[in-house]
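The values are calculated or read from the model by the stated rules, or taken from the named source; none is laboratory data. The model shown is predicted, which means the values in this text are computed figures rather than measured ones. Every residue, glycine as well, gets a Cβ built from its backbone with ideal geometry; the counts of neighbours run over all protein chains shown.
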Amino acid sequence: MRKPNIAILGATGVVGREITKIVDELGIQFNEIKFLSSAKSAGTKLEFQGKTYTVEEAKPESFDGVNIVLASAGGSTSQKFAPEIVKRGGVLIDNSSAFRMEKDVPLVIAYVNDEDLKKHKGIIANPNCSTSQLMLVLKPLHEKAKIKRLIVSTYQAVSGAGLAAINELTANTKATLAGEEFENKCFKKPISFNVIPQIDVFCDNGYTKEEMKVVKETKKILHLLEELPISCTAARVPVYNGHSEAVDIEFENEISPDEVREILKNSFGIKVIDNPDNFEYPTTRDASGVDPVFVGRIRKNLAFNNGISLWCVADNLRIGAALNTVRICQKVIEMELY
Ligand SMILES: NC(=O)c1ccc[n+]([C@@H]2O[C@H](COP(=O)([O-])OP(=O)(O)OC[C@H]3O[C@@H](n4cnc5c(N)ncnc54)[C@H](OP(=O)(O)O)[C@@H]3O)[C@@H](O)[C@H]2O)c1
C-alpha cells in the first residue's frame, strides 16, 4: 500500500488536537505529516510520535505534495483552501458543514457508507457531531426493520462549540457560584446551571440549523427517501464533553427491544449498557474519551406502531468529529482513493 503525505489543518484546535492523537492511535501509515493553523498559532511546537513539529500558517503552497488533508478549521477556511488542495491533487476530509450537502461530496460515517467514498471528486465531508453518533446505531436497525419515522432530541456538550465554549462553561460556573455578573459570549444565554434550546441559528421553519443538519445528513448518509419524516430538537447542556440523544424510531417492520439489543451488541462501534434494574445505562462520563457509541434504555415506544426508544451517548469530539475523520482517512488509504 502507498503511504500518503498528510496535513492536519486546524491542528491547534479542539478537534485538530484530537485528530492528531487518533492518527497515532489508529496507526495511520504516512510518508510525511505537517500541522497547519492560522497565523495566530503558527510557530507553536507540537509533540507527535516522539518528534517535535512546528505548526505552520496555512497558505495555498502548504498543500504542495500533500495527498490527504484532515481539516477542522471552520467552514470559511475549508472553502478558501479546498480548491487549492484539489487543484494540487489532494483529497480534503473536511469537518465543517461547508460541503456536506453538495451533490458531488460524499458524506461518510466509516463502516456505515464506505462505498460512497468511491464517488469523491477531491472533497469528502464528515457529518455533524449529533448526526455522526446516530448513524452507527441506526444503520443496522434500518437494515433489519426499515425506518419509517424518526424523532431525535439532543443534549449537547459545550466542547462541540470549540475551545472558547469550554472555557466559557468554566468561567460562567465560577461567576455564578461567586454571585458575580457574567457576559455570555459563545452562547445566547448563561450556560452554567442551564439548558439552552438553541444550537446555531434559527431557520425559517422554526428549527435551528443544527436540527436541520440532523434531518438532512441522516437522509443523505442512510440513503433514505427525501419524504421520510425526521424531526430533531437540539439543546446545549452544561457538560464539558459527550453528547446524549433520546431517539424514537418507528419501523416499517416489527422489531422487539430484545432484537434491537442483540443487533446492536453485534454491531461495529457500539457498546450496549442496558440494565435499568441495576441502574446501568450510559452517561456522558462513560463516553468521554473513548471510541464506542453507547446505547441503553432500549424499550418499546408507546406512541408508535413498531416503535423503539433508546438513549445514545458518545464522545462528540471523537466519533462526532476526529475519530470518524481519521477512520475515513484510513479507508481512503486502504481503498487507494487518493
Ligand atoms: N468541536 C466539535 O465537536 C466539532 C464537531 C464536528 C465538527 N466540528 C468542526 O470542526 C471545526 C473546528 O472546530 P474546533 O472545535 O476544533 O474549533 P477551535 O478549537 O476553535 O479550533 C479551530 C482551529 O482552526 C484553525 N483556524 C482558524 N482559522 C484558520 C485559518 N484562517 N487558517 C488556518 N487555520 C485556521 C485554528 O488555528 P489558530 O489556533 O491559529 O486559531 C484552530 O487550529 C469547525 O468547523 C467545527 O464546526 C467541531
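Among the residues of the range 14-47, those identified as aliphatic (A, V, I, L, M), touching a Ser or Thr at 6+ places or on another chain (Cβ under 9 Å) and either in a loop (DSSP other than H, G, I, E, B) or closer than 17 Å to residue 164 by Cβ (or both) are 14, 15, 42. Within the range 61-102, the residues that satisfy the criterion of being polar (S, T, N, Q), within 12 Å of the ligand (Cβ to nearest atom) and either assigned to a loop (DSSP other than H, G, I, E, B) or surrounded by 14 or more Cβ atoms within 10 Å (Cβ to Cβ) (or both) are 62, 72, 77, 78, 95, 96, 97. Using the structure shown, decide if residue 58 is under 21 Å from residue 124 (Cβ atoms), of a type in the set (A, V, I, L, M), within 12 Å of the ligand (Cβ to nearest atom) and out of contact with any Lys or Arg (no Cβ under 8 Å at 6 or more places or on another chain). Criteria met by residue 58. Is there a residue being of a type outside the set (Phe, Trp, Tyr), assigned by TED's automatic domain parsing to the domain that holds residue 119, crowded, with 16+ Cβ neighbours inside 10 Å and touching a residue at least 40 places away in the same chain (Cβ under 8 Å) anywhere in the range 29-38? No: the range 29-38 contains no residue that is of a type outside the set (Phe, Trp, Tyr), assigned by TED's automatic domain parsing to the domain that holds residue 119, crowded, with 16+ Cβ neighbours inside 10 Å and touching a residue at least 40 places away in the same chain (Cβ under 8 Å).
Is it the case, given these coordinates, that residue 168 is in contact with a Ser or Thr (Cβ under 8 Å, 6 or more places away or on another chain), assigned to a helix (DSSP H, G or I), acidic (Asp, Glu) and under 26 Å from residue 13 (Cβ atoms)? Answer is no for this residue. Elements of the type strands (runs of 3 or more DSSP E) sitting completely within the range 240-338 and holding at least 1 residues that are within 16 Å of the ligand (Cβ to nearest atom) and within 28 Å of residue 192 (Cα to Cα): these cover 243-251, 293-300, 307-314. The residues on offer are 129, 203, 186, and the sole one that is buried (at least 21 other Cβ atoms within 10 Å of the Cβ) and of a type outside the set (D, E, K, R) is 129.
Tell me the residue from 110, 11 that is at pLDDT 95 or above, in a loop (DSSP other than H, G, I, E, B) and within 8 Å of the ligand (Cβ to nearest atom), please.
Numbers: 110 fails: within 8 Å of the ligand (Cβ to nearest atom).
When all the criteria are applied, what remains is 11.
For the range 279-304, filtered to residues that are touching a Gly at 6+ places or on another chain (Cβ under 8 Å) and among the small types (Gly, Ala, Ser), the residue that is nearest to residue 264 (Cα to Cα) is 287. Here residue 219 fits the description: in contact with an Asp or Glu (Cβ under 7 Å, 6 or more places away or on another chain) and farther than 20 Å from residue 321 by Cβ.
Can you name the condition, by its number, that residue 154 falls short on among (1) in contact with an Asp or Glu (Cβ under 8 Å, 6 or more places away or on another chain); (2) part of a helix (DSSP H, G or I)? Answer for residue 154: the failing condition is (2).
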